[in-house]
Amino acid sequence: MSNPTGPQDPYGQQGDGSSWQGQGGAHAGGDMGGGYSAPPPPPGYYGGSAGGPMYPGTEKNNLGVWALVLGIVGVVCCSFTAIPAIILGNKSKEAAAQGLANNGSFGQAGVILGWVGVALLLLGLVWVFALGGLAVISESTSGTTGY
């Protein structure tokens, strides 16, 4: 509105220019003509690469989750999944220390459950092979039937 006798631009600069809303309301695009533009995005959670993580420090969160899952399976089933739980848990804690993950506690829980699973696995193997656990099982199932 620089020239009062000439045509006026309805989207031209109005007021002191401190507002980012023009005459028609907020504009989603860039510059609206008179120095108005959309506000910048909030800091932090934006700007990831296409298809990349939306939040910073979450690229390797899956390590902690897998460590926890394998640790739980290792404890419940006394299986060999406890060993990968320890390995993935340690990698998860390293990633959390480097800022690549934000769930280092999942990794720590996976390591703890992994060691508990390894201990249960070793106790089960000792019982089966050294203490005759298979003989106890076979005797209880092949007892006399009473005929």
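Quick notes on this one:
- Applying the Karplus relation 6.51 cos²θ - 1.76 cosθ + 1.60 with θ = phi - 60° to the stretch 103-119 yields 3J(HN,Hα) values of 10, x, 5, 5, x, 5, 5, x, 5, 4, 5, x, 5, 5, x, 5, 4 Hz, where x marks Gly and Pro.
- Two-decimal ratio, the stretch 61-138, of alpha-carbon radius of gyration to 2.2 N^0.38 Å: 1.29
None of the figures in this text is laboratory data; all of them are computed from the coordinates on show. Keep in mind that what you see is a predicted model, and the values were worked out from it rather than measured.
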